[in-house]
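Remarks on the structure that follows.
Read-outs throughout are calculated quantities, based only on the coordinates presented, and are distinct from any laboratory measurement. Because the structure is a prediction, the values reported are computed rather than measured. Neighbour counts are summed over all protein chains in view; Cβ atoms, including those assigned to glycine, are modelled from backbone coordinates with ideal geometry.
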Ligand SMILES: NC(=O)c1ccc[n+]([C@@H]2O[C@H](COP(=O)([O-])OP(=O)(O)OC[C@H]3O[C@@H](n4cnc5c(N)ncnc54)[C@H](O)[C@@H]3O)[C@@H](O)[C@H]2O)c1
């Protein structure tokens, strides 16, 4: 058996294959021609963020499973996999907590203006604290969570612990489930009007692309703090930059970008009401270990027809 590992993963995952007669192929060159030649005879692929187009996949003559290290799978041509009866899995139980904690970190940082306080002390201006702009509490504020899946649910629990009012917009989750989780179902437009905080946890697809655009920024409260750790492009970046510059909202946190790595030297990078991270919300050490093990187990259990294969991780 031959397994390709596309991109670096935590070594704990590779232990899953140890002892069996399995050849591991580590791939760091993601150019199309190179992938076409190297992947032609692999049985399984563990993949991080590199792209797997139908052109590459159609040359993988023995491929039976693609295992995403993570939960988004917009970098893989899933329609091709379905049409060709190739399994696609994600690491569904691994990363929700890390991403939810990342959102809370961004909320707290932006709400408390931590960067301004930090700078004050480090520049010897401790006594000037009364000159800092007002900062706030999360207590009793309204948060709108877009998408009540794995990450949205973990975030809701953490917001409830801060005594926030948690509103949920998710067209596929029943109102009963939302209420059972002590949250309040709401429609999108109403949610946009009342929210003090918004966090995006939707998949990126044709329906959710530009979900928040110029029009939406006109509906929001001026004190809104918005965070996107889902996928770039769900919030239109041009509209967001305009809203931050013209103070239509208070601030924003982004972990994901329309183009990754994002275009350098853009206006967004120069604003002090935005905090940016390099798509690493799920890259805490604990989470990297869990994702690596789960991604490798998905391949190993599936190829060995093992009863431990987690059916919930199947995408198509
Ligand atoms: N920044 C990171 O490192 C990182 C890590 C993990 C996941 N993600 C991204 O986070 C997002 C959420 O991940 P998840 O594991 O919670 O996914 P999930 O599939 O568990 O949850 C998504 C939720 O969105 C809802 N939804 C889908 N389309 C909708 C629509 N058009 N309108 C309203 N609701 C809709 C679904 O019903 C589901 O409950 C994904 O985009 C994923 O790629 C990012």
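Per the helix-only calculation at 222 nm, which mean residue ellipticity applies to the chain, given -39500 (n - 2.57) for every DSSP H run of n ≥ 4 and division by its residues, nearest 500 deg cm²/dmol?
Details: 11 runs with 100 residues, N = 316.
One gets -9000 deg cm²/dmol as the mean residue ellipticity at 222 nm.
Order these peptides, 303-312, 46-55, by their mean beta-carbon neighbour count within 10 angstrom, highest first.
Values: 303-312: 11.0, 46-55: 18.1.
Top of the packing list down: 46-55, 303-312.
Can you list the equivalent-ellipsoid semi-axes of the chain, largest first and in whole Å, using the square root of 5 times each Cα gyration tensor eigenvalue? Don't skip to the answer; put the middle values down first.
Details: eigenvalues 298, 92, 73 Å².
Semi-axes from the Cα gyration tensor: 39, 21, 19 Å.
Let me test this: with uniform point scatterers at the alpha carbons of region 173-271, what is the Debye-based log₁₀ I(q)/I(0) at q = 0.10, 0.11, 0.12 1/Å?
-0.29, -0.34, -0.41
Taking every pair of alpha-carbon atoms in region 96-276, what share in percent sits in each 5 Å bin, from 0 to the bin with the longest distance?
For region 96-276, the pair-distance distribution reads 1, 8, 17, 21, 21, 15, 9, 5, 2, 1, 0.
Going by average Cβ density within 10 Å per residue, which order do the peptides 217-228, 270-281 take, highest to lowest? All intermediate terms of the calculation are to be shown ahead of the outcome.
On the way: 217-228: 19.7, 270-281: 15.3.
Ranked from most to least packed, the peptides come out as 217-228, 270-281.
Please build a GNM for the chain, connecting alpha carbons under 10 Å apart, and tell me which residue among 238, 216, 131 fluctuates the most.
Of 238, 216, 131, the Gaussian network model singles out 131 as fluctuating most.
What FRET efficiency do you get for residue 37 and residue 84 if R0 is 30 Å and r is their Cβ-Cβ distance, rounded to the nearest 0.05?
Values: r = 19 Å, r/R0 = 0.65.
E between residue 37 and residue 84, to the nearest 0.05, is 0.95.
Quick one: plug the Kirkwood hydrodynamic radius of region 98-165 (C-alpha pairs) into Stokes-Einstein at 20 °C, 1.002 mPa s, and report D in µm²/s.
On the way: Rh = 13.5 Å.
Reported coefficient: 159 µm²/s.
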